[in-house]
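The values are calculated or read from the model by the stated rules, or taken from the named source; none is laboratory data. Since we're looking at a predicted model, the values are computed, not measured. Methodologically, a virtual Cβ is constructed for each residue, glycine included, from the backbone with ideal geometry; neighbour enumeration extends over all protein chains shown.
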Amino acid sequence: MILHLCFFALLSGVLAFGEVTLPAVLAEHMVVQRNAPVHVWGSAAAGEAVTVHFRGEVRSTTADELGHWQVSLPPGAAGGPFAMQIQGTNSIVFSDVLVGDVWVASGQSNMEFALKSAANADQELRSADHPRIRLFQVEKDSSDYALEDVHAKTWAACSADSAVNFSAVAYFFAKEIERDQKVPVGIIESDWGGTPAEAWTSMRALAADSSLMPLFAHWARETDQQSTDLLEWARQQKESDAARAAGKPEPNYPWHPELRSQKPSGLYNAMIAPLTPFPIRGVIWYQGESNTDPERAPLYASLLQAMIRDWRTRWGVGDFPFLIVQIANWNTSPDSMWPEVRNAERQTLSLRQTGLAVTIDIGDPVNIHPTDKQDVGKRLALAARAIAYGEQIEYSGPLYRQTVREGSNLRILFDHAGSELVSKGGELQGFEVAGSDRKFVPAKARIDGAAVIASSDAVPTPIYVRYGWAGNPQCNLYNADGLPASPFESDSLTYP
């Protein structure tokens, strides 16, 4: 009891002399979301009066007994720069606040991949001054519970200096959106290489879906292995240190993920939850490679959809656009299930306001981190222009819709086929068919207007079809707009 009284006395003393403070995302050079309430929050002494001035509007409140306070100011159109003042016992003044569209860029290493390493990086950096694009980079962190703030670098106007280590995909996406929409664009980069989707999903969302329970069994095995891994990593480090000291090349050991980056909900708690009070326009997501193992790949469709619903619920700004980069072509190990994860990403389009940037034609077979991030950003921006901004443009390559059996042939129908389908670079490749045994064999395939006709002499009564079903498939189906078809496997019987 005495310890409790001392703690509360100390806490009261700290709060009594506290000054107004803000979370990291509320800072000079930030972009706040247009046409949405401007949410400003932070900490102060308990009972302290706080007033916020922005665009001629004034709102006041009083910090609660724990020192928390928040206000919402009226929505407004894009523009700026504007001044914002937060006044308590101290005063915080920002002179360069823009109003526009805020996008969160998240995922693993292909989202984290920096502009300095992208194709034509030197040329791109020479033209990287975009004062109406603002960049905010969240530092890597993990937590057992939801934090109130992120560790982050401050907002910065986009320039060669601020963009050089920023996400290349996010940069190219922002450049396209700012040019098309002619409004300021804020990008919040929150990603971590080698991380699985369950680490980015709240514990409540994971626990609500019983089909996702095997993820916790996987995590349990990872933690059981930790002591052995730590000994091995220590041995590797010792050998590397000895090689450097002797002037010899360091041994090349297999990459191992940092354990805390793998923990279910850990990254959500530290790198997403603190951002959810900040209104956004949408999310771009590039992840999936870390969920391609045989144990977790079959769960990815349910997991990714659960994560999307979770984030939308936590932000509380409606079903904001969630745009996914489908994992690219790569020479994977035999037991990796890259096709299954691509199919799961495609299936996520059953959710409202989702889009898919297919990259099956712009990967690097021998490098899991392809350097062509320009086309990735452009394809995401096409999806955003249609889904978020309502432009009447073709924004997707052909997406599997259904199959109709015509004797020994299958007629495959697609959405986003346009007036016709195109076989790029020669004869159509990449299709397989199967009967009731689901044993797939290569198929002869040809384009018939906006459909594909596929068959095989080895399968007289075909039922199922799939396309691009390999880590690095040979496939070449496009629409007339030059956008590639998504790999797929049909998941139901064809029409007779």
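Of all the residues that make up region 428-485, how many are in contact with a Leu (Cβ under 9 Å, 6 or more places away or on another chain), under 20 Å from TRP338 (Cβ atoms) and either outside any loop (DSSP other than H, G, I, E, B) or at pLDDT below 95 (or both)?
Going through region 428-485 one residue at a time, the tally reaches 6.
Pick from region 119-152 the residues that are touching a helix residue (DSSP H, G or I) at 6+ places or on another chain (Cβ under 7 Å) and either crowded, with 24+ Cβ neighbours inside 10 Å or among the polar types (S, T, N, Q) (or both): which of them is farthest from THR359 (Cα to Cα)?
Restricting to residues being touching a helix residue (DSSP H, G or I) at 6+ places or on another chain (Cβ under 7 Å) and either crowded, with 24+ Cβ neighbours inside 10 Å or among the polar types (S, T, N, Q) (or both), the top hit is SER143.
Given the conditions (1) among the hydroxyl-bearing types (Ser, Thr, Tyr); (2) out of contact with any Pro (no Cβ under 9 Å at 6 or more places or on another chain); (3) farther than 26 Å from GLY363 by Cα; (4) in a strand (DSSP E or B), and given that SER106 satisfies all but one, which numbered condition is not satisfied?
With respect to (1) among the hydroxyl-bearing types (Ser, Thr, Tyr); (2) out of contact with any Pro (no Cβ under 9 Å at 6 or more places or on another chain); (3) farther than 26 Å from GLY363 by Cα; (4) in a strand (DSSP E or B), SER106 is out only on (3).
With the condition kept exactly as written, say whether any residue in region 322-332 is more than 30 Å from MET203 (Cα to Cα) and of a type in the set (A, V, I, L, M).
no
For region 209-217, indicate whether the set of residues that are touching a residue at least 12 places away in the same chain (Cβ under 8 Å), farther than 21 Å from LYS140 by Cα and of a type in the set (Gly, Ala, Ser) is non-empty. Explain how you work it out, then say what you get.
Of all residues in region 209-217, those touching a residue at least 12 places away in the same chain (Cβ under 8 Å) come to 209, 211-212, 214-216.
From what's left, farther than 21 Å from LYS140 by Cα: 209, 211-212, 214-216.
Now drop any that are not of a type in the set (Gly, Ala, Ser), which leaves 211.
Yes, region 209-217 contains at least one residue that is touching a residue at least 12 places away in the same chain (Cβ under 8 Å), farther than 21 Å from LYS140 by Cα and of a type in the set (Gly, Ala, Ser).
May I ask you to verify whether ASN409 is surrounded by fewer than 20 Cβ atoms within 10 Å (Cβ to Cβ), under 23 Å from ASN331 (Cβ atoms) and of a type outside the set (Gly, Ala, Ser)?
Values: surrounded by fewer than 20 Cβ atoms within 10 Å (Cβ to Cβ): yes; under 23 Å from ASN331 (Cβ atoms): no; of a type outside the set (Gly, Ala, Ser): yes.
In short, no.
Write out, first by first residue and then by second, each pair whose Cβ atoms fall under 8 Å of each other, whose residues are 6+ apart or on separate chains, and whose first residue, in region 423-435, is closer than 17 Å to PRO398 by Cα and of a type in the set (Ser, Thr, Tyr) while the second is assigned to a strand (DSSP E or B) and at pLDDT 95 or above.
Short answer, once both residue conditions are applied: SER423/ILE447; SER423/LEU477; SER423/TYR478.
Could you grab me the full set of residues in region 348-382 that are under 26 Å from THR313 (Cα atoms) and either touching a Pro at 6+ places or on another chain (Cβ under 8 Å) or among the charged types (D, E, K, R) (or both)?
ARG352, GLN353, THR354, GLY355 - these are the residues of region 348-382 that are under 26 Å from THR313 (Cα atoms) and either touching a Pro at 6+ places or on another chain (Cβ under 8 Å) or among the charged types (D, E, K, R) (or both).
Need pairs with beta-carbon distance below 6 Å; first residue at pLDDT 95 or above and within region 38-64, second of a type in the set (Asp, Glu); sequence gap 6+ or separate chains.
ALA46/GLU65; ALA63/GLU48
Across region 95-117, what is the total count of residues that are closer than 28 Å to ILE308 by Cα and either of a type in the set (Phe, Trp, Tyr) or crowded, with 21+ Cβ neighbours inside 10 Å (or both)? Lay out the reasoning, then the answer.
Kept after step one, since they are closer than 28 Å to ILE308 by Cα, are these residues of region 95-117: 98-115.
Adding the requirement that they be either of a type in the set (Phe, Trp, Tyr) or crowded, with 21+ Cβ neighbours inside 10 Å (or both) leaves 98-108, 110-113, 115.
Result for region 95-117: 16.
Of all residues in region 156-172, which are out of contact with any Cys (no Cβ under 8 Å at 6 or more places or on another chain), over 25 Å from GLY266 (Cβ atoms) and in contact (Cβ under 8 Å) with a residue 60 or more places away in the chain?
ALA156, ALA157, ALA168, PHE172
Restricting to region 316-339, and then to whatever is closer than 20 Å to ALA170 by Cα and aromatic (Phe, Trp, Tyr), can you tell me which residue is farthest from the chain's Cα centre (by Cα)?
Of everything passing the filter in region 316-339, PHE320 is farthest from the chain's Cα centre (by Cα).
Under 6 Å by Cβ, and 6 or more places apart or on different chains, what pairs join a residue from region 76-97 that is at positive phi with one that is assigned to a loop (DSSP other than H, G, I, E, B) and buried (at least 18 other Cβ atoms within 10 Å of the Cβ)?
Taking only residues 6 or more apart or on different chains, not a single pair turns up.
Going by what's in this entry, would SER423 be described as on the phi < 0 side of the Ramachandran plot and under 30 Å from the mean Cα position of the chain (by Cα)? Walk me through how you get there before you give the answer.
On the way: on the phi < 0 side of the Ramachandran plot: yes; under 30 Å from the mean Cα position of the chain (by Cα): no.
Against the criterion (on the phi < 0 side of the Ramachandran plot and under 30 Å from the mean Cα position of the chain (by Cα)), SER423 does not qualify.
When both residues are 6+ apart or on different chains and their Cβ atoms are under 9 Å apart, which pairs have a first residue that lies in region 218-244 and is at pLDDT 80 or above, and a second that is among the acidic types (Asp, Glu) and assigned to a helix (DSSP H, G or I)?
Pairs that qualify, where the first residue is at pLDDT 80 or above and the partner is among the acidic types (Asp, Glu) and assigned to a helix (DSSP H, G or I), are HIS218/GLU198; TRP219/GLU198; GLU222/ASP229.
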